[in-house]
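Single-structure report; data block below.
Read the figures in this text as sums done on the coordinates, not as results from a lab. Worth saying up front: this structure is predicted, and the values here are computed from it rather than measured. Glycine gets a Cβ as well: all are built from the backbone with ideal geometry, and neighbour counts include every protein chain shown.
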Amino acid sequence: MMKDKDLFKIKHNSTNPEKGKILISEPFMRDIFFQRSVILLIEHGPNGSMGFVLNNNTGLFLNDYIEGLDKVGRIPIFLGGPVSSDHLFFIHSMGQIIPDSVQIDDNLYFDGDFESLNYYLLSGQPVEGKIKFFLGYAGWSKSQLIGEIKHDSWLVGQTSDRAMLLAKGESFWKKSVESIGGPYLAWLNYPKDPLLN
């Protein structure tokens, strides 16, 4: 007998995953880290893939952990994924200001010199829409992500750098599905748990 969620299954799209693209979880994914998540891929290659869940806020703030940030606006920390969840990572749009940044695309970078970043933060410069912090990351071993995409766990898409830096909550998942459109718009009407509908 077909399971309820299989009635609503829509095949993955044909867009290939690559650095700078996003992964949008299928609507019934039950994994606590990835349910209704959007992930920015910062690395994808023959040896595996790495990314950050963009829209899973931890409720923690960087200000509570780094001395001197009590005078700047509250800087949220997001749960980037289940791997190395005791390490802090960041993406940003300031590769020209933060040395040793790793370029993701034309306007988006990963990590870099933390002292330069700290100086930027302490100087009272704007953070919102420029920097986003994560505890942990999402990782896939060789060919694992491609297998998950073929099993319809993820759609591959893209969105603006600013949207990724500002992403919060399930509304960002919905906006990301809307940006792909087509048959995937039906996902917006699916409950997280079809058995509760």
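Structure above, values below:
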quantity: Efficiency of FRET between Glu18 and Leu166 - r from beta-carbon atoms, R0 22 angstrom, step 0.05; calculated: 0.50
quantity: Ascending count of other beta-carbon atoms within 10 Å, so fewest first, for Leu54, Leu135; calculated: Leu135, Leu54
quantity: Fully extended contour minus Cα-Cα distance, from Lys192 to Arg74, at 0.36 nm per residue; calculated: 39.4 nm
quantity: Karplus-derived HN-Hα couplings along the stretch 128-136 (A = 6.51, B = -1.76, C = 1.60, θ = phi - 60°), whole Hz, x at Gly and Pro; calculated: 4, x, 10, 9, 9, 10, 9, 9, x
quantity: Rounded, prolate or oblate (a/c below 1.5 giving rounded, otherwise prolate when a/b exceeds b/c) for the stretch 33-142 by Cα gyration tensor; calculated: oblate
quantity: Under Karplus coefficients 6.51, -1.76 and 1.60, residue-wise ³J(HN,Hα) of the stretch 77-82 in Hz, glycine/proline x; calculated: 10, 9, 8, x, x, x
quantity: Amide H within-cut-off set for Asn55, under 5 Å, with H built and near neighbours excluded; calculated: Val38
quantity: Nonlocal amide H pairs with Phe78, under 5 Å, H built at 1.01 Å; calculated: Thr58, Phe133, Phe134, Leu135
quantity: Given charges at Cβ of Lys, Arg, Asp, Glu: the chain dipole, positive-most of Gly51, Leu155, Ile97; calculated: Leu155
quantity: Degrees, to the nearest 10: 169-180 long Cα axis against longest axis of the chain; calculated: 60
quantity: Mean-position separation - Cα centroids, the stretch 43-63 and the stretch 97-127, in angstrom; calculated: 16
quantity: Taking Ser153, Ser84, Ser141, Ser25 and counting other C-beta atoms within 10 Å, the order from fewest to most; calculated: Ser141, Ser84, Ser153, Ser25
quantity: Under-5 Å amide H pairs with Ile42, H placed in peptide plane, nonlocal only; calculated: Gly20, Met50, Gly51, Phe52
quantity: For the stretch 100-105, Karplus couplings with θ = phi - 60° (6.51, -1.76, 1.60), whole Hz, Gly/Pro x; calculated: 6, 6, 9, 6, 9, 8
quantity: Computed over the chain: relative contact order in percent, which uses C-alpha pairs under 8 Å that are six or more apart; calculated: 29
